[in-house]
Structures are given as structure tokens and as C-alpha cells.
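Data first, discussion second: the structure below is written as C-alpha cells.
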2 protein chains.
Amino acid sequence: MSLPPLSARSHRIQPFHVMALLARARELEARGGDIVHMEIGEPDFPTAGPVRLAGEQALAHGHTGYLPAAGLPALREAIAGHYRSRYGLDVDAGRILITPGASGALVVALAMLADPGRNVLLPDPGYPCNRNFVELVDAVPRAVRVDAGTDYQLTPGLAAEACDDATAAMVIGSPGNPTGTLASAADLQGLAALGRRRHIGLIVDEIYHGLHYGEDPAQAVAHAPDAVVVNSFSKYFGMTGWRLGWMVVPSEWVPVAEKLMQNLFISASTPAQHAALACFSDRALEIFESRREAFRQRRDFLLPALRSLGFHIPGDPAGAFYLYADVSSLCDDSFTLAEDLLERAGVAVTPGLDFERTAPERHLRFAYTTDTDRLAEAVERIRAFFAAGS
Amino acid sequence: MSLPPLSARSHRIQPFHVMALLARARELEARGGDIVHMEIGEPDFPTAGPVRLAGEQALAHGHTGYLPAAGLPALREAIAGHYRSRYGLDVDAGRILITPGASGALVVALAMLADPGRNVLLPDPGYPCNRNFVELVDAVPRAVRVDAGTDYQLTPGLAAEACDDATAAMVIGSPGNPTGTLASAADLQGLAALGRRRHIGLIVDEIYHGLHYGEDPAQAVAHAPDAVVVNSFSKYFGMTGWRLGWMVVPSEWVPVAEKLMQNLFISASTPAQHAALACFSDRALEIFESRREAFRQRRDFLLPALRSLGFHIPGDPAGAFYLYADVSSLCDDSFTLAEDLLERAGVAVTPGLDFERTAPERHLRFAYTTDTDRLAEAVERIRAFFAAGS
């Protein structure tokens, strides 16, 4: 059998290294092993009752047909209402487009902005799929090293240095994955200004929006009004498997985004859109806030505990549910450490290899997507593992 | 405000012309007008009871988290079981990947096969999104004129003539949209052979699979084993708004498709995948078969009725729920006719402009996605419209 050749991008796009670890973790569990999962970027909380119930009711009422590509008008309004009531921000519902997860929004954003051969600035470390969305449209991911000195955020200075005439866009995350850090208002304003000056698009991924543990973070819709802002019902709103997100685009681009969405998706899931309406009820928001408090408590436990074990975590990550640790004082290679922690301590974490090009071997990501008792168990296991002489 | 430039593909991708007609139809309805909708590519049947109920139960059981990128293993097995029990075909469940609609599958298929600058053969007329999936990855859609002489299907002869060294793939639909015609076993075999000989990928869109009204159509999995076969739960299985489809890929390509899916989608909707399991129960299949019978009756009514009005529809379209009519003996411009039928007769249809480049002004698509009484009403209105002297 002789199959036709695959596209060049098929070779450039890499699978996630954590998948092999995950498969091994499942193998160990199947044999009766007990694994603490800190590798998973998914809250352990199921979809909240009111949202699930709204989904059931939507199905019972037969809401199963296609919706307009831009989304259920009532949901677009509800999101605008949330920006207003929660953050005091006015966002025109007409600029809010409902997408199949933040993933769908990122495809549309990059398809709108990046022609083949142009480059896209991505902070390194960063969300691993972003470089592959860039590869999908045959633009060139350009990793820009960020470190603790800028809270792992792409600053206007770093971006100005890294961009050139071929730069089509910059993609930042706030709160960021894998570091949990936030972009400041000054960063957002500076990147927006750079974008205007150099004709470079700005895409701000806010999919962990709502999951922050200090003051309210700076909002892209306020500080970078020309940015494409990507958001999600997955994390704060707890709807991962429903695959629902949204994007806010400049009003001039709404028709462009809409025609791309018509073609690429037809529309986002109808039952999910009806269910998501219930996310903005007082009862649901109370649940989300209590979960946010639980994440804060986990972070407040895990951060000092990991530091006491020798993991170096600069700053106090203020959002998402990740801690990104420098392990260079503990081992030579974080991938081997991740394997050892899994095999010998029953703790699953994600190696830096999935998040960065610069110093992957020095980093591990811990997700606090499991409860504090299990996190404490993991800390004890790691302590014992190091004590046994790793 | 000065926004950054949009990508070239943003300009190349066209919105659907039917959207303007649809908006106008809604306007007329809002003013109390009565419109017979024959423009919509969505069955009028809601999702069947057993499937809806399975969705509700999935939510009640908390099936709301991410699934593996390739899909729920039980669903992949159920689809393999359906190929076996319904068509007597053995398809390894490991080759079946669950996607967010057929749309998601088409993105993955073209991303796997088509590099920028290479061309992709598309029958003209054909499904309008296909050329835009090709544009997404910056390959070049190459329209190949097909007509009644080949049942509007791309034949091996036409493909051999149209392809060159830059051809990366061919995409065909069977049953096809907008024509409702089927590819023959000989066509599939011949295209597969051409693909092998010229190293060209073959993508067979079977999203209307199951909706055929004569003998069982030739199956791509049987006659073109190296093809990427795209399918959907939307049409025969009645799950449009859930956004769920699948693709069958050569086993060598499973890891490639899987890593693309991990990156681009994370996974397809979890509630939808659990609900879809119920599609293969005897009770659900009975419902689908009775709906298929309803579609057959509608076709059997509408086809002669339209012909008697002077619409030229060659052959007897054997699948999907579309009739594609040549209107050149009735008017000079099908777009104007579509507008007139909407404004003056209250009948909404889709102009050829959305489906073809060669002779769009000569064609209209009628969807029989409304019941026979309404179809009869439409026929009477069109008759009266012509009688009044259009």
C-alpha cells in the first residue's frame, strides 16, 4: 500500500509528551496502582448542577438544531451582561461570537490574521496548542523567551524586540498556562500600542478568566480594545467536555469572523449554548465562586509545600490552576523526573517539554486540579521519593 | 482606529449568499408573512427521543469532562458495529475517529494532506464549505465541472484530466450536496487507483450516508480503502446541533489525525458522544428508517411536481434531501428568481451561486426538509407565480 504524502505541517505538529505519561498512568492504575493526578488541565469539579439541569431541559425542549454561526443571541447578551455586572465593562454583544471551545476561537483568530510565511509571537513557555494553531495556517511560530523577570508574560519591550515586518500577530495568555501569571494593564496597553504602530494583531487568550486569586486582573477588552479576546466556558464555568467558548473581536471584523465560522463550524453546540445561559444565574455564580475559593486554598497549600521540597517557583502565580516549577536544583532532566515521579511515587505531573523550547529540561508543571487531601498525599510521596535518594 | 491587515484567505473566503435570503425570509416572517423553507440543509425532524434521552442521562450522570481526542471508545466500536451490521463491512474501530461535526473532520483531512500552493480537486457544483476548508490551509481549490452526464460526480476520467503534479487531494461527496447523486463503485475504485498512481489523497464526504432511496450506495470504506471517509451524526442520525461526526482514516494515519485533533479540538462534545451511543439501538434505527421513508416520499412527490413546472432535474437523485434544478428555460438568472420566489411567492430556495462557479445563474437547489403538505403548498405557489407572468 502506498499512501499519498502527508502535508509538511503534519510533520511539524507535535503530539503532547504528557500523553505518553498519561497512558502509562492509566496502565499503572489498571494494575491497581494509585496515582495522584496533577498533570491534567481540567478542573476536577463536574459541570455545576444548574448548568447541567439547563442542558437537560434544553434537550427535553428539543433545542437540538443548528444555531446562527455567531451564536445564540441570548447567550451573546448574557456574556455582555457578565462583563458589565462582574467587571463594570461595556462590551457590545454584537462583538461577542460563540465558538466550539476556545480552540475554535483560536483557529478563527489565526486564520483571520496570519498568512503563510508570516510569523506569530508566542511567549515561551506557553500553551502548547498555540504554536500548532499557527502551524495549521502555515505561519511561523516565533517563540519569545519570557521568564520570572516579567512574570512569564510577553511585555511590549520583548515583543518590540522580537517582531519584524513579517510579524502578523502576537498571542498571549492571561492568566497564562503553564505559569498561572497575569498580564498587567500596562502590558496590555503597550502590546496594543505596538500592534497599532506595527500593524500586528493581538490575540489575548483569557480562557482562565475568572480563576484568579488576588485583585481582578487587567481585562483585554478594557486595555486592548482592538485585540481578539478568546475565552471559554471550560475552566471557570466548569463546562470542559461541552466544548464552548467565545471570542470578542473588533466590530469591523465581525462579518469576517462570522463567515469563517459559518464555513468551519456551521455553529457551536446548541445544547451547550442553551446550558451556558444558566452559567450567569446567581446560584451558578455562587458555585463558581466557591470553586474559585477552593482553587485558592489549594494553591495556598501547594505553593509553599513544593517550595519546601526544593522546587523553585518564582513569584506567587495569581491565576489559573497551575504552578510552573524550576527543578534544576533537583535534577538534570525534568522529563526523567516526571517519569520517576510517576513510576516510583505515583504522582503524575507534566514535563516542561510540552510548554517550552528554551529550557524544557528545567521545568515541571503542577496542576492543582485535585483536592487538598490528594495534593497533600502527593507532597508526602514526593518528599519520600527525594528522601529515598532519587 | 487602524486595525492590522487581515489575511489573504479572509478575503478569499466568501459568505453564503443564501444567508442574505434567509435574513430576508425572517424579516418577512416577522411581519406576518408565511414562508415555505426549502433552502435549509437541515432535516426538520428533531433529534430522536432515544438519543435525546441518552443525552439527558449522560448529563445527569455527570458525563461532562474531556474525552480522549480520538473519541469515546464505545462510540468508535458502535460505529464499527454499524458498518458491520448495516452494510456487512469490516472497519477497524481504531481507524474511526470522532470529530466535532463533519466540519472538524474536513479540517483535519485537508490539514493532513494539503500544503500551501498545492491544489485540491472539487466537483463543481459541490458543497460550498469545501473550497473554504481548502482556503483555510492555503491550498488552491480547483473546480472540476461535473454535469448530468456523470450524475454530477467526479469520475476517474475527469479527475485524471484535471489533476497535475501539484494536486494534493480530491474531495467528493456521496450522496452529494447540492445534487443528491451517488458515486458508483467504479468511480470510487477508479479515483482510489488514480490517487495511488499519482500520490493524491482521496477524501469522500459521506455525511448524507444512510439517506438514500434506492439500492445501498457504494461505500468508500469498501471501494477506496485508502480514502479519508468523512461522516456525520447530523443528517441520517438527526443530531445537527450537537455537532458530531466521524472520520475513517488509513491506520498509518491514525496517530497523525489524532495529534491534529488533540491540538485543534481537544475532543468532540462529551454529552453528544454519549447521546450518539443510543443512535445504534433498534428503537432509534427504526425512527431513522421511518424518517428516511418520509424523505423518500417527499422526493417522490417533489421531483415530478417541479418537473411539471418546467424545472429541469436530470436523472433521479438517489440520496440526501436535495434536488438541483436547471432553471435556464424559466429565467435568465437564478439568483433573481430565488429573490422573486421569496418576495412574491413566499418560497425560500438556495441559488446556484452558493454551489458552483460554472453556471450558477442556471441553477437552484430545493431542499425537501419540510413536510409534503408544505412542499405541495410551495409547488402551488410557484405555479401561481409563473402563471401570473414572472
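The values are calculated or read from the model by the stated rules, or taken from the named source; none is laboratory data. Just so we're clear, the structure is a prediction, and the values are computed from it rather than from any experiment. Cβ: placed from backbone, ideal geometry, glycine included. Neighbour counts: every protein chain shown. To get the accessible areas, we keep the full protein, side chains included, count just its heavy atoms, and leave off ligands, DNA and RNA. Shrake-Rupley method; radii C 1.70, N 1.55, O 1.52, S 1.80 Å.
What the table shows:
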| read-out | value |
| --- | --- |
| Residue check for A:Ala160: within 12 Å of another protein chain (Cβ to nearest Cβ), more than 19 Å from B:Asn263 (Cβ to Cβ) and open to solvent by 20 Å² or more (accessible area, probe 1.4 Å) | no |
| Segment B:75-91, residues that are open to solvent by 30 Å² or more (accessible area, probe 1.4 Å) and in contact with a strand residue (DSSP E or B) (Cβ under 9 Å, 6 or more places away or on another chain) | B:Arg76, B:Glu77 |
| Count of segment B:328-343 residues which are open to solvent by 80 Å² or more (accessible area, probe 1.4 Å) and part of a loop (DSSP other than H, G, I, E, B) | 2 |
| Qualifying residue in segment B:273-280 (condition: within 14 Å of another protein chain (Cβ to nearest Cβ) and within 29 Å of A:Arg131 (Cα to Cα)) | yes |
| Complete set of residues in segment B:101-118 that are within 8 Å of chain A (Cβ to nearest Cβ), open to solvent by 10 Å² or more (accessible area, probe 1.4 Å) and under 15 Å from B:Arg142 (Cα atoms) | B:Asp115, B:Pro116 |
| Residues located in segment B:57-77, provided they are under 22 Å from the mean Cα position of the chain (by Cα) and either away from chain A (no Cβ under 14 Å) or among the charged types (D, E, K, R) (or both) | B:Arg76 |
| Pair list, Cβ < 7 Å and 6+ apart or interchain, from segment A:252-268 residues that are over 22 Å from B:Ala105 (Cα atoms) to residues that are open to solvent by less than 10 Å² (accessible area, probe 1.4 Å) and assigned to a helix (DSSP H, G or I) | A:Trp253/A:Met112; A:Val256/A:Met112; A:Val256/B:Ser10 |
| Positions within segment B:127-157 being assigned to a helix (DSSP H, G or I), more than 23 Å from A:Ala8 (Cα to Cα) and either more than 17 Å from the chain's Cα centre (by Cα) or more than 14 Å from chain A (Cβ to nearest Cβ) (or both), in sequence order | B:Ala148, B:Gly149, B:Thr150, B:Pro156, B:Gly157 |
| Count - residues of segment A:186-220 that are away from every other protein chain (no Cβ under 11 Å), farther than 20 Å from A:Thr150 by Cβ and open to solvent by less than 10 Å² (accessible area, probe 1.4 Å) | 2 |
| Selection within segment B:2-34 - open to solvent by 40 Å² or more (accessible area, probe 1.4 Å), more than 10 Å from every other protein chain (Cβ to nearest Cβ) and either assigned to a loop (DSSP other than H, G, I, E, B) or among the aromatic types (Phe, Trp, Tyr) (or both) | B:His17, B:Arg31, B:Gly32, B:Asp34 |
| Only listed residue being part of a helix (DSSP H, G or I), of a type in the set (A, V, I, L, M) and either at pLDDT below 95 or open to solvent by less than 10 Å² (accessible area, probe 1.4 Å) (or both), chosen from B:Leu277, B:Leu285, B:Leu264 | B:Leu264 |
| Within segment A:81-100, considering residues that are in a helix (DSSP H, G or I) and more than 26 Å from B:Trp242 (Cβ to Cβ), the one farthest from the other protein chains (Cβ to nearest Cβ) | A:Ser85 |
| Test: residue in segment B:54-74 that is among the hydroxyl-bearing types (Ser, Thr, Tyr), in a loop (DSSP other than H, G, I, E, B) and in contact (Cβ under 8 Å) with a residue 40 or more places away in the chain | yes |
| Some residue of segment A:19-26 being in contact with a His (Cβ under 7 Å, 6 or more places away or on another chain) and without any contact (Cβ under 8 Å) to a residue 60 or more places away in the chain | no |
| Selection from segment A:300-321 of residues that are open to solvent by less than 30 Å² (accessible area, probe 1.4 Å) and assigned to a helix (DSSP H, G or I) | A:Leu302, A:Leu303, A:Ala305, A:Leu306 |
| Single residue of segment A:230-253 satisfying the filter (in contact with a helix residue (DSSP H, G or I) (Cβ under 6 Å, 6 or more places away or on another chain) and more than 23 Å from A:Ala278 (Cβ to Cβ)) that is least open to solvent (accessible area, probe 1.4 Å) | A:Val249 |
| Considering residues of segment A:221-266 that are touching a strand residue (DSSP E or B) at 6+ places or on another chain (Cβ under 8 Å) and among the polar types (S, T, N, Q) only, the residue farthest from the other protein chains (Cβ to nearest Cβ) | A:Asn231 |
| Residue match in segment B:344-364 (condition: in a helix (DSSP H, G or I), without any contact (Cβ under 8 Å) to a residue 24 or more places away in the chain and surrounded by fewer than 18 Cβ atoms within 10 Å (Cβ to Cβ)) | no |
| Identity of the residue in segment A:35-53, part of a loop (DSSP other than H, G, I, E, B) and small (Gly, Ala, Ser), that ends up most open to solvent (accessible area, probe 1.4 Å) | A:Gly41 |
| Matching option when the condition is of a type in the set (S, T, N, Q), over 21 Å from A:Ala102 (Cα atoms) and crowded, with 24+ Cβ neighbours inside 10 Å, among A:Thr155, A:Thr167, A:Thr179 | A:Thr167 |
